[in-house]
Structures are given as structure tokens and as C-alpha cells.
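Here the structure comes first, spelled out in C-alpha cells, and everything after it is commentary.
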Amino acid sequence: MKILLINTNRYTSPPVPPIGLEYLAAGLERAGHESRLLDLCFEADAAGVLAAAVDDFKPQVAGVTIRNIDTALCQNNVFFLDEIAEFVRLLESAGVPVIEGGAGFGFAPRAVLDYTGASWGVEGPGEAALPRLLERLEQEKIPRGEIIDGWSCPPDPELSVSGRGRMVDYPKYLKNGGIAGFETQKGCFGECTYCAERCRRVIFRKTERVVDEIRALAVRGVADFHLCDAEFNQELSFCHRFAGDLANEGLEIGWTLYLKAVPADQRLFELLSASGAYLVTLSLPSGPDGLKRAGMMADAARENGIRLAVDYLCGFPGQSPDQVRRDLDELRTAEPDTVGLNCFIRLYPGLPLTRQILADESLRPGLTGSLTDNDSLLRPVFFSSITLEQLTALVAGDPLFRIEGFDRKTNYERVK
């Protein structure tokens, strides 16, 4: 089949290359389907460009990626689904049925599909699931509204994506402040009650294939990379193997990544440094165990010439300003390079923390955003047990801390 893969992410602070579509294209090519990638990120007349691409390519189906529902920040929030719904309407009215997927789609698949009016969806990895769906479409009539479980149809760890860079204009992204992404795995073992990516099976890629992919982009002049895994250190032995393989390749690149507090050891930081990693962001919900690890990881990072950023989330039910103050004092002691603070927790449907908050009437004053006609929580609703004014007072102008939602900078932009 002919499928037009469309990047609808037009948020440019910073712009993010659509690596998921490059992975999908590799899976489609292996399965014998014909694909073309249409990137709407920088287009002034995105609807016009989309209509022209449909007229020229004449796809039988369109694959629309939804990276995010919104910016997930309470301050200066940007909602993306209305524009995406317009793109879907344009395609469907032109006789091109739409299959949706992407990380944002996976946060609330049924609600997103209904809101945008697309024909079908793929929740989770699509490299194998999307070709199978296309094969079914060639053989049978599939009812509108069906959502395929990509986690039950995992991608081949050996899938080669070494052709990256042919379908995306990386120089334009780099010129506008973006960096190239890559994945070593999908899913997350974590059980964080507030996270939409919690409790997913983890699918590790072959480290050799990931290195091939990075090499292919490096040959094209890409030297700065960001790891797009939920958290890199799901399994320490895999981390050691990948970082060691990348270091042995000897590529002149730099890369950034996210880690959770455990597991990690000194060897990990040594290998990360040898492989070109220059920034680690440590994801920390509030609490003493994570803060203790922050100091240990900051020391290990410094010893290996790696800068450390911390993303600190607070405002959980029952948490007081005094508890947050103690946490900030601990973070000052750890001496990371920068700390991003967020006291507003984005509520997603079905998560344990969401259920707890919505079931407790005493917590309703801590909500920001409307619940009226918003059972799916597509329109952003946030919770915090402390106010922005209280958090600002606790920071007291300390330049170590940045309250998220105002400068819209990523950690790699901040440390540079």
C-alpha cells in the first residue's frame, strides 16, 4: 500500500525531528509498502502543503503521528489537538483514511481518536503493528475506530534504521535549535503513579543496530544527539553494553540522556563519558531516596566530565511547602548544574494518582483546569498541593533553579 507519514508536531521551542516516522518507514519498507514522509513542522501553510502532498503522492492511507496532546506544562500551556483534528478532516474528506499513533496518542488513545475523527489507531510501537494493519486493510474491511495494540506486536530488535536522514531535513532542525534523537529501547519498568508511560514492557533494541543508525546520521554531519527513551537505565547491563559499543565506534558526537535514580553505578558514568555523553538529566519526584541518589549521581557525573541536570516534580497530595523547602536545600547540597522545578502534575486518565485526586473532594481546590465535559482529560487539568507563589518564594531567586513553563528551554539548551 501507499502510505503518507505525516509529522503534525509544529511546536518549535525547540523543534523535534520526527524520528518515530523514520522508524515506521523502515518497518514499512521491510514489509514491502511504499511510504513518503511529510514534515509539517516548519510549514507556514501546513494545510496547503498537506493537500498538495495528497494530490501528488495519492496515498491510500495516511499515518499521523501525535507526539503530545499539549505541552504538559501548566504555565503557558499549548494545546495541539485542534490543529491536528483539522489535518485529519482534510485527509478524510479527500478520501484518505487516517491511522493515528505516537507517544501523545498513547496517553489517551480512544479519546484522541474520537476527538480528531481519525479512522484507526496504533497504541504503542508501530514498526511491526502498522505494516500488519495495512496488510489487513488490503484483505478486509476494518470497522472505523479500531485501535491496534502495538505492544502485543513488538518491533524486531534487529530492525535496521541506518537510512535515517534521507526523509527528514536535519540541517533545518539543527539550524533552529533542535538535535537528532534516537532510541535504544521502548517502554518503562517504572511504576510512578503520575506517569502515562508507567508499567510498560521494555523492548530492547540490538545495540549494534542503534550504533549503525547513529553512524548514518554522523556521516551526514549530525554531531549532537538526544536519547528519546523514557529512561535509559531500565537494565544496567544493557546500558553498559550500549555505551561501550558506542564508545568503541569512536564517533565524534555528543549526546544527552535521561536517567532515573536507580540503577546506576560508577562504570555507567565512565562508559557514558567515553561514548560522548555530555549531559544527564535525572528525573526526580520529591522524596528522600531520590534526593540522596541525586548527590551520588552528581558526584559520579562530575568525576567523568558530564554535566547533570535535575527535573524535580513536587506538589503531590499532602506535600507541604516545608517539605519542598527541605528538598530544595538537599538539591543545593548535591550541586547539579541546573534544576527544573515543576509543582503542577498533569493528570492523565486511568493513572493511580489521577484516580486518587479525583476521588477526594478535599483535593479539588488544588486543581487547575476544567473537569466539565472533560472526563477524558484531553483538555489539560493539573494538580498541585502548593502554589506557584509558594514555590517562587522557596526558590528565592537562586539561579540554580528554573520553574518550568516560562523560558521554554530544554536542559541541553540551558547547560550550553
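The figures follow:
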| read-out | value |
| --- | --- |
| Selection from region 26-55 of residues that are more than 27 Å from Ala128 (Cα to Cα) and either part of a helix (DSSP H, G or I) or assigned by TED's automatic domain parsing to the domain that holds Cys228 (or both) | Ala46, Ala47, Gly48, Val49, Ala51, Ala52, Asp55 |
| Phe204, sole failed condition from (1) within 22 Å of Gly124 (Cβ to Cβ); (2) touching a Cys at 6+ places or on another chain (Cβ under 7 Å) | (2) |
| Some residue of region 322-345 being more than 27 Å from Pro109 (Cβ to Cβ), within 26 Å of the chain's Cα centre (by Cα) and hydroxyl-bearing (Ser, Thr, Tyr) | yes |
| From Ser362, Ser376, residue being surrounded by fewer than 21 Cβ atoms within 10 Å (Cβ to Cβ), of a type in the set (Ser, Thr, Tyr), farther than 30 Å from Leu113 by Cβ and not assigned by TED's automatic domain parsing to the domain that holds Glu270 | Ser362 |
| Residue in region 385-400 that is within 23 Å of the chain's Cα centre (by Cα) and touching a residue at least 12 places away in the same chain (Cβ under 8 Å) present | no |
| Count of residues meeting criterion [over 23 Å from the mean Cα position of the chain (by Cα) and either at pLDDT below 95 or among the hydrophobic types (A, V, I, L, M, F, W, C) (or both)] in region 238-251 | 2 |
| Pairs with Cβ under 7 Å, 6+ apart, first in region 78-93 and over 14 Å from Val54 (Cβ atoms) and free of Cβ contacts under 8 Å to residues at least 60 places away in the same chain, second among the aromatic types (Phe, Trp, Tyr) and crowded, with 18+ Cβ neighbours inside 10 Å | Ala85/Tyr115 |
| Tally of residues being in a loop (DSSP other than H, G, I, E, B) and either farther than 16 Å from Gly369 by Cβ or not hydrophobic (A, V, I, L, M, F, W, C) (or both) across region 56-91 | 10 |
| Scan of region 292-307 for residues that are touching a Leu at 6+ places or on another chain (Cβ under 7 Å) and at pLDDT below 95, ordered by number | Ala294, Met297, Ala298 |
| Residue, nearest to Arg36 (Cα to Cα), within region 155-179, restricted to residues that are crowded, with 16+ Cβ neighbours inside 10 Å and in contact with a Pro (Cβ under 6 Å, 6 or more places away or on another chain) | Val168 |
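The values are calculated or read from the model by the stated rules, or taken from the named source; none is laboratory data. In this text, all values refer to a predicted model and were calculated from it rather than measured experimentally. FYI the Cβ positions are ideal-geometry reconstructions off the backbone, even for glycines, and counts take in every protein chain you see.
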